[in-house]
1. What do you reckon, is T71 open to solvent by 20 Å² or more (accessible area, probe 1.4 Å), outside the structural domain of W159 (by the TED database), modelled with pLDDT under 70 and closer than 23 Å to R123 by Cα?
2. Do the conditions hold for F53, that is, is it surrounded by 14 or more Cβ atoms within 10 Å (Cβ to Cβ), within 30 Å of L163 (Cβ to Cβ), modelled with pLDDT of 90 or more and in contact with a helix residue (DSSP H, G or I) (Cβ under 9 Å, 6 or more places away or on another chain)?
3. Filter the range 98-123 down to the residues that are free of Cβ contacts under 8 Å to residues at least 60 places away in the same chain and within 30 Å of Q7 (Cα to Cα) and list them by number.
4. For D114, only one of the following conditions fails: (1) modelled with pLDDT of 80 or more; (2) within 19 Å of D40 (Cβ to Cβ); (3) surrounded by fewer than 16 Cβ atoms within 10 Å (Cβ to Cβ). What is its number?
Amino acid sequence: MANMRAQIDGFGAVPLTERVSGGGDGPPAPLRIGPLDASDSLYAKLVSWTEVFGGELHTPQPRVAVWINFTEVQGSKPVTVKVAHEIASELAEWFHARLEEIAASPAAVAFHDDLCYGWEDARGVFSLAAAYGIEPRPARPAEKRECPVCGAHEVFVAWPDKLNADLTILCGQCQWVIDPEEIGSMAKLLMVS
């Protein structure tokens, strides 16, 4: 879940101008839709199964924030990478604590197959892990930029990972850190070679 949520950010999107043109009917999306849809689908799947087994086992399900349409859970409310990981872990722990009862349920095989293999429109964890990985991705190599404070060419982007859920831009020399409100425009500048 954390890897999917970490790949949503759209800093790589380039606005279409006179020099940059492309097909389609507008500029690129500010977010990467694939990982967003995949993480929302998995989240909805986990929440839906807590509803099934919570009712069957007469036990309360975890209270988690969801966005939903009129009939079903659609995914997670917008959250950080760290919070998405924590919520998914909470749901997984809920299942783990009831594993014996779930294994004895008539729905156990469907539960297993849905979570592991999934369906065409809602992939399971095996194909999601293959697509997005289960370990944090290594930092992208990039040329360091000039620090506005000390002038050293040591400013770099620290990408979100398990230890730091936020994207951070900082100087390796003087430890200057950019104001989080300015991070979007600065990240675009750092990514341009």
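1. Yes; evaluated as a whole, the condition is true for this residue.
2. Judged against the criteria, F53 is not a match.
3. Listed by number, the residues that qualify are A110, H112, D113, C116, Y117, W119, E120.
4. Exception for D114: condition (3).
So that you can scan it fast, the table gives a plain yes or no per residue for (1) touching a strand residue (DSSP E or B) at 6+ places or on another chain (Cβ under 9 Å); (2) modelled with pLDDT under 80; (3) outside any helix (DSSP H, G or I); (4) closer than 30 Å to G54 by Cα:
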site	(1), (2), (3), (4)
S105	no, no, yes, yes
I134	no, no, yes, yes
A139	yes, yes, yes, no
F156	yes, no, yes, no
C174	no, no, yes, no
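The values are calculated or read from the model by the stated rules, or taken from the named source; none is laboratory data. This structure is a prediction, so every number in the text was calculated from the model and none was measured. Positions of Cβ are backbone-derived with ideal geometry, glycine not excepted, and every protein chain shown enters the neighbour counts. Heavy atoms of the whole protein, side chains included, go into the accessibility calculation; ligands, DNA and RNA do not. Shrake-Rupley method; radii C 1.70, N 1.55, O 1.52, S 1.80 Å.
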